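Structure first, then comments.
None of the figures in this text is laboratory data; all of them are computed from the coordinates on show. It should be emphasised that the depicted structure is a prediction, and the values quoted were computed from it without experimental measurement. Heads up, the Cβs are rebuilt from the backbone with ideal geometry, glycines too, and the neighbour counts pull from every protein chain shown.
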Amino acid sequence: MGSGLKGSGLKGSDSTPQPQRPARDRYFDTLRAVALVRVVTYHTFGWAWAGMVFPSMGVMFALAGTLMAKSLERPALKVIRSRMRRLLPPFWFWGVFVILAMLIHDWMPGWQIVYWIVPLGDPPGNAWGTQAWEILWYLRTYLWFVLLSPALLRVFRPAPLPVLFLSLAPILVVQFLWEPPDNRFGGALTDLATFLFCWILGFAHRDGVLQKLKPAVVVLLSVSAVGYGGWYAFTHQAETGSYDLDDIPLAQAFWSAGYVMFLMWAKAYFRIDFAWLTRLRRTDRIVTIFNARAVTLYLWHEIGLILAVPLIDQFWNVPAFEKYLPLESQWFVFGIGWILIAVFILLCGWVEDVAAKKKPRLLP
């Protein structure tokens, strides 16, 4: 992620070295790494409570909102083009394999295949490939937030706090006043409404709005939002069969809002930077890799988990493996899944380097 100094061509003792890029914020990097681990864990075990312990998607949208607000100090069109350039090549590379696999399994796309080029809507697929492509809602939502950010930022800055708290209004409208259509448009609208607060919370952090709030106010608001989200999830689980936040957009929106607001405020108020992480070399290295290969890890993790199952099935043919390995344990699937994810990072992560106009490397 860091960059070396370019040769300046200056000579003599008066030469002034070029300034290096500021060090990455390890607090945010750690949050993103934990969010990715939680995503893989949830998709392995399906624990409904995982989203309450750590609302990964809300965290990732807030972090992305912060970075977007920072980037928009440059011309908006240039920023949007840069974001799309970093996102789409890894998506296309991954998509080639998924599309070919679905074609082999009797899938024939219609005009909607354009969403496999630019995922402004959910890319189509067949039931056989559902586990692989159903995660693309995050990329679609992220892309829409990127496109909307210049306008959102112009609305946010004249009245930061009112706009921040009013950003929860769309999910209330969607839940209580108007039901979106059951199609690509409706799904996209619901996801945007669900995570709008978190995205704008990123703006608030970048502009220093959060650190101006008194601790008591933040705690009260955060606890209230989490409390309402939790209450709604548990009292409406009969409608979905679970209290899983992923199935209850309103609960997801408020739980994520309260949880992530406290994380972002604590970062600003206490000036948390996790600089100590650099002393733990292995952990710091893992966090670095996870952040530099975040798109690769997210896209390929489900395929890693899918392939882990037939691979483990082959282990039963080896008597020693059958006797000594916990082949029936979901934790074993989890472990093999991570090994395969690591393989995909090594084999496919270089695409992110190319997309970022960097020299391709096996590991950053």
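For the chain, what relative contact order do you get, as a whole percent, if you take Cα pairs closer than 8 Å and at least 6 residues apart?
22 percent
Tell me the mean residue ellipticity at 222 nm calculated for the chain from its helices only (DSSP H runs of n ≥ 4, each -39500 (n - 2.57), averaged over every residue, nearest 500).
Calculated from helices alone, the mean residue ellipticity at 222 nm is -21000 deg cm²/dmol.
For region 121-127, just list the computed ³J(HN,Hα) in residue order, Karplus coefficients 6.51, -1.76 and 1.60, θ = phi - 60°, integers in Hz, with x standing in for Gly and Pro.
So the Karplus estimates, Gly and Pro as x, are x, 5, x, x, x, 9, 4 Hz.
If you work out mean projected area of the Cα convex hull in nm² from the coordinates, which of [x] 23.3; [y] 17.3; [z] 47.0 do you get?
It is the value labelled [x].
Hydropathy first: keep DSSP H helices in the chain averaging at least 1.0 on Kyte-Doolittle, then drop any whose Cα extent along the axis falls short of 15 Å, and list what survives. Provide the component values of the computation, followed by the final result.
On the way: long enough: 26-45 (28 Å, 0.43); 56-71 (22 Å, 1.17); 76-104 (41 Å, 1.13); 137-156 (26 Å, 1.10); 184-206 (32 Å, 0.85); 215-235 (29 Å, 1.34); 249-269 (29 Å, 0.74); 281-292 (16 Å, -0.34); 294-315 (30 Å, 1.30); 330-348 (26 Å, 2.34).
Length and hydropathy pass: 56-71, 76-104, 137-156, 215-235, 294-315, 330-348.
Within 13 Å, Cβ to Cβ, of residue 135, how many net charges do the neighbouring residues add up to if Lys/Arg are +1 and Asp/Glu are -1?
-4
Between 196, 147, 103, where does the largest GNM mean-square fluctuation fall for the chain, given springs only between Cα atoms within less than 10 Å?
For the chain, modelled as a Gaussian network with Cα springs under 10 Å, the answer is 103.
How compact and how long is region 197-272, expressed as Rg and Dmax of its alpha-carbon atoms in Å?
Calculated on Cα positions, Rg and Dmax stand at 13.7, 42 Å.
Just to check, using Stokes-Einstein with a Kirkwood Rh over alpha carbon pairs, what's the diffusion coefficient of region 206-364 at 37 °C and 0.692 mPa s in µm²/s?
167 µm²/s
Report the net charge of residues surrounding residue 46, where surrounding means a beta-carbon distance below 12 angstrom and charges are Lys +1, Arg +1, Asp -1, Glu -1.
-3
What does the charge count near residue 299 come to, summing +1 for each Lys or Arg and -1 for each Asp or Glu among other residues with Cβ under 14 Å from its Cβ?
0
Tell me, what is the percent relative contact order of region 84-216, built from C-alpha pairs under 8 Å that lie six or more residues apart?
20 percent
How large is the convex hull of the Cα atoms of region 143-250 per residue, expressed in Å³ as a whole number?
Cα-based convex hull of region 143-250, divided per residue, equals 115 Å³.
What whole-number volume per residue, in cubic angstrom, does the convex hull of the C-alpha atoms of region 90-209 give?
With only Cα atoms used, region 90-209 gives 116 Å³ per residue.
Please compute, for the alpha-carbon atoms of region 236-289, the extent along each of the three principal axes and give them in descending order in Å.
48, 27, 12
So if I take the centroid of the Cα atoms in region 258-287 and the same for region 72-133, what is the distance between those two points in Å?
What the calculation gives is 32 Å, centre to centre.
Starting from a Cα-only point model with no solvent, please compute log10 I(q)/I(0) by Debye for region 35-124 at q = 0.22 1/Å.
-1.10
Given the C-alpha atoms of region 133-181, compute the convex hull and give its volume per residue in Å³.
Hull volume over Cα atoms, normalised by residue count, gives 103 Å³.
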